[in-house]
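The values are calculated or read from the model by the stated rules, or taken from the named source; none is laboratory data. What you are looking at is a predicted structure, and each value in this text was computed from that prediction instead of being measured. Here the Cβ positions follow ideal geometry from the backbone for every residue, glycine too, while neighbour counts run over all protein chains shown.
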Amino acid sequence: MTCKTDLTNLTRSQLAVFFKSLGIASSRAGQFFSWLQRPGNDDFSKMVGVKKEVRDLLAKHAYISRLELAEVEQSRDGTVKYAFRLSDGKVIESVLIPENNRNTLCVSSQVGCAMGCRFCLTGKLGFAGNLLPAEIVNQVTGVLEYMMASGLIRPTVREYINNLVFMGMGEPLANYDNLLAALSILMDEKGLEFTERRVTVSTCGIVPKIRSLGRDARVNLAVSLHAADDAIRSKLMPVNLTYPLDDLLDACRTYPLSKKKVILFEYILIKGVNDSADDARLLAEKLQGIPCRINLLPCNESPLVPYQRPDENTVINFQAILRHSGLRTLVRSSRGDDISAACGQLAGRLAEKMEPACIEPCLLNNIS
């Protein structure tokens, strides 16, 4: 029996090739692609203005996937966490962050994570698989459908979610091909049409893939830095053993940026580890010449992570040193920490249920 094709996995150009293989004019792919990307359009019988024989042909050879919404949790600060169940039963999480009448959706790219960052609860689960393009795209579709079903009204579909950040579960650049396909689908002018300035891809620092991303896509880049010293960063982030700081920052210096665009550096402040005045001065020195903004985030504490957040004065002094060096620096407050939706907390509740022997982080495995 021939396996059916999940059309949600296909970019517009791939859809045109698929149509042609079925004897359907490839020129019709654009119209169908636009229909496919709209929330609620998950059944060929819902297609208007398409002959029944065409709908039947598509139903025979293809299907439209959607994720099962397993759980929704809302934080006291308005952040909403969505748990989606995949077809194999595994669970991924997405987080909607409302702020100043705008909504940012934090999207996952993998099930778990193989990077082993010592401060991140998601890494405690280990790595369980890459998400397909459809599984990435359907997080956005699933959240849109939930928002609409909840009675929220916006003039257009695009105004429900304003920004996408690939900062959820997993390392996006370790799932590079599927990430690119998902970006192509989400940013297509005939689809949801997220623009370059509305999409940010975060990485822990896989240098060759940063260079590839700059060539293959037009998106904002965020880098999880967390230390300006190789020894400290290697202890916190095993990826640094393969791609040390100087190599990472060189890739950032050559990353193509549109006018007025900057690279976002994320820096978790950990008490007694990377929060001293000397750490701040070294960070300022390392980042000179890179158009950037620095987000400082005091560590989100957990019984499973042996780190503490610094006191307020330490955070303020660290920020002041960076600002005095001419670097734009913001201190971010944690959002959704009461529902394990803050940075480094996704799947945290699952990790807390696991035995200590099961939660040793995986290290970087031959990612080039």
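Applying the selection to region 84-113, what residues are surrounded by 14 or more Cβ atoms within 10 Å (Cβ to Cβ), within 24 Å of Arg332 (Cα to Cα) and free of Cβ contacts under 8 Å to residues at least 24 places away in the same chain?
Answer for region 84-113, where residues must be surrounded by 14 or more Cβ atoms within 10 Å (Cβ to Cβ), within 24 Å of Arg332 (Cα to Cα) and free of Cβ contacts under 8 Å to residues at least 24 places away in the same chain: just Pro98.
In the set Gly49, Gly23, which member is at pLDDT below 95, out of contact with any strand residue (DSSP E or B) (no Cβ under 7 Å at 6 or more places or on another chain) and not aromatic (Phe, Trp, Tyr)?
Gly49
Could you tell me which of the residues Ile92, Ile97 is over 22 Å from Lys124 (Cα atoms) and under 16 Å from the mean Cα position of the chain (by Cα)?
Of the residues listed, the single one that is over 22 Å from Lys124 (Cα atoms) and under 16 Å from the mean Cα position of the chain (by Cα) is Ile97.
Please specify each residue of region 303-332 satisfying the condition of being under 22 Å from Gln288 (Cβ atoms) and within 24 Å of the chain's Cα centre (by Cα).
Scanning region 303-332 gives Arg328, Thr329, Leu330, Val331.
Looking only at region 181-206, which residues are within 23 Å of Lys259 (Cα to Cα) and either in a helix (DSSP H, G or I) or among the aromatic types (Phe, Trp, Tyr) (or both)?
Leu183, Ser184, Leu186, Phe194, Glu196, Arg197, Arg198
Take the residues of region 210-222 that are more than 10 Å from Leu180 (Cβ to Cβ) and out of contact with any Ser or Thr (no Cβ under 7 Å at 6 or more places or on another chain): which is surrounded by the most Cβ atoms within 10 Å (Cβ to Cβ)?
Out of the qualifying residues, it is Leu221.
Between a first residue in region 38-49 that is in contact (Cβ under 8 Å) with a residue 24 or more places away in the chain and of a type outside the set (Phe, Trp, Tyr) and a second residue that is in a loop (DSSP other than H, G, I, E, B) and surrounded by 15 or more Cβ atoms within 10 Å (Cβ to Cβ), which pairs have beta carbons less than 7 Å apart while being 6 or more apart in sequence or on different chains?
Pairs that qualify, where the first residue is in contact (Cβ under 8 Å) with a residue 24 or more places away in the chain and of a type outside the set (Phe, Trp, Tyr) and the partner is in a loop (DSSP other than H, G, I, E, B) and surrounded by 15 or more Cβ atoms within 10 Å (Cβ to Cβ), are Asp42/Ile64; Asp42/Arg66.
Given the condition free of Cβ contacts under 8 Å to residues at least 40 places away in the same chain and in contact with a Leu (Cβ under 6 Å, 6 or more places away or on another chain), answer yes or no: does some residue in region 268-280 qualify?
no
Residues checked against (1) touching a Lys or Arg at 6+ places or on another chain (Cβ under 7 Å); (2) farther than 30 Å from Gly30 by Cβ; (3) of a type in the set (A, V, I, L, M):
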position: Glu193; (1), (2), (3): yes, no, no
position: Val201; (1), (2), (3): no, no, yes
position: Ala217; (1), (2), (3): no, no, yes
position: Asp230; (1), (2), (3): no, yes, no
position: Leu241; (1), (2), (3): no, yes, yes
position: Leu245; (1), (2), (3): yes, yes, yes
position: Ala251; (1), (2), (3): yes, yes, yes
position: Ser258; (1), (2), (3): no, no, no
